[in-house]
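The structure appears right after this line, and notes come after that.
The values are calculated or read from the model by the stated rules, or taken from the named source; none is laboratory data. This structure is a prediction, so every number in the text was calculated from the model and none was measured. Counting neighbours? That spans all protein chains shown, and the Cβs are built from the backbone with ideal geometry, glycine included.
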């Protein structure tokens, strides 16, 4: 036990500022979170996760005397029941929900060309909620201006709605894949 503690103290010096990420899966292999290499090492040391050291997907952490492998994906040895999380209606989440597509004209957009439109303008009592925010191109947003879609004689392709919890997990997996490939 003491040798494990000493090894952890030696390792923690090298893990302090590491930004490498590890995907943590629940016992049923559903994603829980993306954690740091330091947190992953703690879970491995406490024997709380299944570790496949033969996997080709791992981070190498160089210590003074040795190099250790931390797998990029860990599975908990027990099931954790997670509460349903509410997802904030941020710009990126709105764009992702609407598949980066203008909800008025159908044009495919990117981060630079997409804008967030209030279906009912804030000046007319519309809030910044999932059901009042939608993705639009700059041209459609300028044309609509401070009017409702009905007043501007524009029609929404899809009515904005709050996404389900699975949307959060899907977004988390996309972010993990981006960092894994980077």
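Structure notes:
- Test result for residue 100, over 30 Å from residue 49 (Cα atoms), surrounded by 14 or more Cβ atoms within 10 Å (Cβ to Cβ) and either out of contact with any strand residue (DSSP E or B) (no Cβ under 9 Å at 6 or more places or on another chain) or modelled with pLDDT of 95 or more (or both): no
- Qualifying residue in segment 69-76 (condition: in contact with a strand residue (DSSP E or B) (Cβ under 9 Å, 6 or more places away or on another chain), surrounded by fewer than 17 Cβ atoms within 10 Å (Cβ to Cβ) and more than 30 Å from residue 164 (Cα to Cα)): yes
- Of all residues making up segment 86-97, the number that are in contact (Cβ under 8 Å) with a residue 24 or more places away in the chain and either part of a loop (DSSP other than H, G, I, E, B) or touching a strand residue (DSSP E or B) at 6+ places or on another chain (Cβ under 7 Å) (or both): 5
- The condition of being loosely packed, with under 10 Cβ neighbours inside 10 Å and either touching a residue at least 12 places away in the same chain (Cβ under 8 Å) or within 30 Å of residue 141 (Cα to Cα) (or both) holds for only one of 52, 28, that being 28.
- Residues in segment 110-126 that are loosely packed, with under 12 Cβ neighbours inside 10 Å and either modelled with pLDDT of 95 or more or assigned to a loop (DSSP other than H, G, I, E, B) (or both): 110, 111, 112, 125.
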